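J.: Sharing a structure here in structure tokens format.
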Amino acid sequence: MTGDRYSCIDELRQHEEQGRDFAITTVRRAASTCLILAPHGGGIEHGTSDIARAIAGENFNLYLFEGIKAKGNAGLHVTSSRFDEQSCRDILSACDLVVAVHGCKGEDERVLLGGLHRTIKREISDSLQTRGVHVESSGHRYPATDPMNICNRGRMRQGVQLEISAPLRRSPNRHRVVDAVRAVLLAREPGANS
């Protein structure tokens, strides 16, 4: 059991109001079968919405669940294996690959990669390293190997999770993460360039 206040989105909705406490953004791109999502965006895990939005650009599908309270947004966190918001489930059902953008604590700039799609995870790791971003792909506390993890619930049933440290989310170097992930995804989904 996590330290989350709510066990699922339905429970969260009984106590929190959309538009006042949280916001949901869904952008569909007809040419894309890839979803970039930040299930803990806005004030929940600062900076993740902006990074997810930048990765998606005009090319990929986007889903954001954002805390918009003046304070106390951390209480809106619903762990990824229990994240069940309906519009997110709808867009997941139309996408092959999911890349989830999360935030983690840490003292230095780094990305912890997880998820069940080993090939794309390796490609993203290589792309990040080429751009000078410190990456850990195993041996950390966020492996995202649970099939119910939101990153693994696209049609392929395997995706990638990026846990981006707070220092990197605040750094001008965050563009390196965006560029690295976009390079891999655009190479895999050339129709999204249209």
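J.: For Lys69, give me every one of the aspartates and glutamates with a C-alpha distance below 12 angstrom, ignoring sequence neighbours fewer than eight places off in its own chain.
T.: Hits, sequence-local ones excluded: Glu16, Glu17, Asp21.
J.: Would you please give the residues with an amide H less than 5 Å from that of Gly103, counting only those at least 5 places away or on a separate chain, with H modeled from the backbone geometry?
T.: Placed amide hydrogens put Ile164 under 5 Å from Gly103.
J.: Which is farthest toward the positive dipole end of region 52-194 among Ala144, Cys104, Gln129, measuring Cα position about the Cα centre, with Cβ charges +1 (Lys, Arg) and -1 (Asp, Glu)?
T.: Ranked along the dipole, the leading option is Cys104.
J.: Something else now. Do any trypsin sites (Lys or Arg not before Pro) in region 45-139 lie in a DSSP loop with no more than 12 other beta carbon atoms within 10 Å, and if so, which?
T.: Counting only loop positions with at most 12 other Cβ atoms within 10 Å, the trypsin sites (Lys or Arg not before Pro) in region 45-139 are Lys71, Lys105.
J.: Are there GluC sites (Glu not before Pro) in region 48-126 that DSSP puts in a loop and that have at most 14 other Cβ atoms within 10 Å, and which ones?
T.: In loop regions of region 48-126 (DSSP not H, G, I, E or B), the sparsely surrounded GluC sites (Glu not before Pro) are Glu58, Glu107.
J.: Output ³J(HN,Hα) for region 105-115: one whole-Hz value per residue in order, computed from phi by the Karplus curve 6.51 cos²θ - 1.76 cosθ + 1.60 with θ = phi - 60°, and x for Gly and Pro.
T.: Karplus values, whole Hz, x for Gly and Pro: 7, x, 9, 10, 7, 7, 10, 9, 9, x, x.
J.: Still on this structure: Using a ≥ b ≥ c from the Cα gyration tensor of region 59-194 (square roots of the eigenvalues), is it rounded, prolate or oblate, where a/c under 1.5 gives rounded and otherwise the larger of a/b and b/c decides, a/b for prolate?
T.: rounded
J.: Taking amide H positions as placed 1.01 Å from N in the peptide plane, with prolines and chain starts having none, which residues 5 or more places from Ser137, or on another chain, fall under 5 Å of its amide H?
T.: Leu113
J.: Please list 3J(HN,Hα) in residue order for region 46-59, calculated via the Karplus relation 6.51 cos²θ - 1.76 cosθ + 1.60 where θ = phi - 60°; whole Hz, with x for glycine and proline.
T.: 3, x, 5, 4, 4, 5, 4, 4, 5, 5, 5, x, 9, 9
J.: Nearest 20 debye, what's the magnitude of the dipole of region 59-169 about its Cα centre given +1 on Lys and Arg Cβ and -1 on Asp and Glu Cβ?
T.: Once rounded to the nearest 20, the dipole reads 140 debye.
J.: Output the antiparallel fraction of DSSP beta bridges having both residues in region 63-176, as a percent to the nearest 5.
T.: 35
J.: Taking the full set of protein chains and a 1.4 angstrom probe, give the accessible area of Thr145 in square angstrom, rounded to the nearest 10.
T.: Accessible area, nearest 10 Å²: 80 Å².
J.: In addition: Between region 23-50 and region 122-150, how far is it from one alpha carbon centroid to the other, in angstrom?
T.: 19
J.: Towards the positive end of the charge dipole of region 27-73, with charges on Cβ (+1 Lys, Arg; -1 Asp, Glu), say which of Gly67, Gly57, Leu37 has the farthest Cα.
T.: Gly67
The values are calculated or read from the model by the stated rules, or taken from the named source; none is laboratory data. Predicted model only: the values in this text are computed from it and were never measured. A quick note on method: Cβ atoms are made from the backbone with ideal geometry, for glycine too, and the neighbour counts reach across all protein chains shown. These accessible areas exclude ligands, DNA and RNA; they are computed on the full protein's heavy atoms, side chains included. Shrake-Rupley method; radii C 1.70, N 1.55, O 1.52, S 1.80 Å.
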